[in-house]
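Derivation of every value follows stated rules applied to the coordinates shown; laboratory data play no part. What you are looking at is a predicted structure, and each value in this text was computed from that prediction instead of being measured. Methodologically, a virtual Cβ is constructed for each residue, glycine included, from the backbone with ideal geometry; neighbour enumeration extends over all protein chains shown.
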Amino acid sequence: MPPPPTFIRTEEFTRWRSSRAARDLLGNTFPHSGKFIGVEALQPSSGVLDQEAFKQCNCVCGLDESGRGTISGPLVVGAVLITPDSKLPVVYDSKQLDRAARQNLFSEIEQSGIAFVYSVVDAETIDRIGITGANALAFDLAAEACEKKAGKQADLLLIDGGKLPLKTARKIQFVTKGESVSRAIAASLHRCDCNPRAAHA
């Protein structure tokens with residue numbers, strides 16, 4: 001019996017929901033809901049946090065990490081620096097997309113001309129300074145490298161997740177589920193998601 005689609009797109013789920021396999025699996029439990037446990041409608045990042053930040057800032061750096069939840073391996077942080085004039089494409093939480101869709105979106109982000117980098121903290125460093133220190137270090141490195149690449153200083157760092165002991169002097173805002181409200185945060189993770197052989201920024 002075919003499972004529901006793993007690439008979470010509303011139109012794909014709708015087609016699957018109307019299939020015989022879906023009827024056999026679900027019966028009439030949710031005949032009109034259009035939803036299935038574990039499946040979310042694909043929603044782009046709203047960007048409301050970026051818009052609010054630009055009322056007081058001219059330059060915002062969005063950052064997110066990948067790899068903290070893994071048992072072993074490096075920790076990677078992506079960073080994107082944007083201004084009110086940046087031409088970012090519509091971006092999504094990368095966890096909602098399959099690899100092909102993430103790579104397509106990454107290409108669009110590349111073509112937009114915005115500054116983006118990634119930093120990597122290896123497993124040995126994580127073992128030596130701990131996951132919290134390594135996470136903070138990766139964010140510090142990524143923010144510094146992104147500013148250097150852009151030739152601009154960020155007025156604000158928007159970081160997905162809980163508070164960390166960064167050493168940067170920049171103003172920081174930590175945001176839970178930041179990819180849903182900040183396009184800069186959402187775009188930053190596409191940078192490291194599409195670079196499995198990422199090296200230090």
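So between Ser112 and Lys167, what do we pick up on full extension, going 0.36 nm a residue minus the alpha carbon distance? Numbers along the way, then the final one.
Values: separation 55, 0.36 × 55 = 19.80 nm, distance 2.99 nm.
That works out to 16.8 nm of additional length.
Give the cross-link partners of Lys148 among the lysines, using a straight C-alpha distance below 29 Å as the criterion and excluding same-chain residues fewer than 8 apart.
The reachable lysines, counting only those whose Cα sits under 29 Å from Lys148, are Lys55, Lys87, Lys95, Lys163, Lys167, Lys171, Lys177.
Within 10 Å, count the other beta carbons around each residue, average over each peptide in 100-110, 142-152, 157-167, and list them highest first.
Most protected by this proxy first, the peptides run 142-152, 157-167, 100-110.
Between Ile129 and Glu52, what FRET efficiency comes out of the Förster formula 1/(1 + (r/R0)^6) with R0 = 30 Å and r the beta carbon distance, rounded to 0.05?
For R0 = 30 Å, the calculated efficiency reads 0.35.
Give the span of the range 56-117's Cα atoms along each principal axis, as three whole-Å numbers ordered largest to smallest.
In descending order, the Cα extents are 39, 26, 17 Å.
Kindly work out what percent of the DSSP beta bridges joining two residues of the range 48-193 are antiparallel, to the nearest 5.
Once the DSSP bridges in the range 48-193 are tallied, antiparallel ones form about 60 percent.
Bin by bin, in steps of 5 Å, what percent of the Cα pairs in the range 48-193 do you find, going until the bin that has the longest distance?
2, 11, 22, 24, 21, 13, 6, 2, 0
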